[in-house]
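Colleague: The structure that follows is given in the form of structure tokens.
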Amino acid sequence: MPAAPPLHQAVILAGGLGTRMRPRTDRLPKLLLPVAGRPFGAWLLERLAGAGFDEALLCVGHLGEAIRAALGDRFAGLPLRYADDGPALLGTAGALRRALPRLAPAFVVTYGDSYLPFDYLAPLRDLEAHPGALGTMAVYRNEGRLDASNTAISGERVLRYEKRGVNEPRDPDLDHIDYGAMALRREVIEALPGGVAIGLDAVQRDLAVRGELRALVARERFYEIGSEAGLRDLEEALRGGAGGPP
């Protein structure tokens, strides 16, 4: 019998407290914040469904029951599964480590406050085409415009990843930024210690140092709802503003 095709899985990190969006997020998780008349998660899941994913795994924590109640087990034809972050905040990579039994052998991880006008499956296809790599990160040539740039690339490889604060001096070598979607092999998460707080930025940094993280350049700007300004920009784009996402 022919081998079954690989599962195209999107993992959404949606367990954060959303502190920058308080008081909105005191009673509503960021994934359900209203954007252009709909919960943000509806816009995101429709993009993932349209890209051709087979399922979405939502890593939930803060107000996770509200997300389950609102989105259910299927949205826009896309099957939804859930993994609970648990009582302790373990960071973005820690949430993936807790969800390890439900991860596909390779998957795309994105954030529950990011909206990306590109093909979300592209990083996974790139990773599948390069078996020697452990991850493919979508990047955008930002040069400090939309947020603090954090990535240096050479061709199709991430040379350096360094998460930086907005107020830190700009490093001209870091002219790209993490776009908000990355394909990873499950073995990367399996190698992390369980029950330990760790951010995904540490994983990205280490893979770059080891030369095992590929770069996939996105051409359109990213959108996010982690700030009031970001939410306004996305609303304008979704309502038909100039330069909005497709």
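The values are calculated or read from the model by the stated rules, or taken from the named source; none is laboratory data. All of these numbers come straight from a predicted model, not from anything done at the bench. Glycine gets a Cβ as well: all are built from the backbone with ideal geometry, and neighbour counts include every protein chain shown.
Colleague: Give me the pairs, please: first residue somewhere in the range 163-175 and in a loop (DSSP other than H, G, I, E, B), second residue anywhere and among the hydroxyl-bearing types (Ser, Thr, Tyr) and modelled with pLDDT of 80 or more, beta-carbon distance under 7 Å, and either six or more positions apart or on two chains.
Modeller: From residues that are in a loop (DSSP other than H, G, I, E, B), the pairs are Leu174/Ser149; Leu174/Thr151; Asp175/Ser149.
Colleague: Right, here's the next one. Tally time: how many residues in the range 110-131 are under 16 Å from Tyr223 (Cα atoms) and hydrophobic (A, V, I, L, M, F, W, C)?
Modeller: Looking only at that region, the number is 2.
Colleague: For the range 137-154, what are the residues that are farther than 23 Å from Gly226 by Cβ and within 20 Å of the chain's Cα centre (by Cα)?
Modeller: Result: Ala152, Ile153.
Colleague: May I ask you to list the residues in the range 84-123 that are among the hydrophobic types (A, V, I, L, M, F, W, C), assigned to a helix (DSSP H, G or I) and within 12 Å of the chain's Cα centre (by Cα)?
Modeller: Selection gives Ala93, Leu96.
Residues are listed down the side, and each one gets a yes or a no for (1) in contact (Cβ under 8 Å) with a residue 12 or more places away in the chain; (2) out of contact with any Ser or Thr (no Cβ under 6 Å at 6 or more places or on another chain); (3) part of a helix (DSSP H, G or I); (4) on the phi < 0 side of the Ramachandran plot:
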position	(1), (2), (3), (4)
Leu13	yes, no, no, yes
Arg20	yes, no, yes, yes
Ala49	yes, yes, yes, yes
Ile67	yes, yes, yes, yes
Ala70	yes, yes, yes, yes
Leu80	yes, yes, no, yes
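Colleague: Same structure again: Evaluate the range 155-178: report whether one residue or more is closer than 18 Å to Glu220 by Cβ, among the hydrophobic types (A, V, I, L, M, F, W, C), within 18 Å of the chain's Cα centre (by Cα) and buried (at least 21 other Cβ atoms within 10 Å of the Cβ).
Modeller: Yes, the range 155-178 contains at least one residue that is closer than 18 Å to Glu220 by Cβ, among the hydrophobic types (A, V, I, L, M, F, W, C), within 18 Å of the chain's Cα centre (by Cα) and buried (at least 21 other Cβ atoms within 10 Å of the Cβ).
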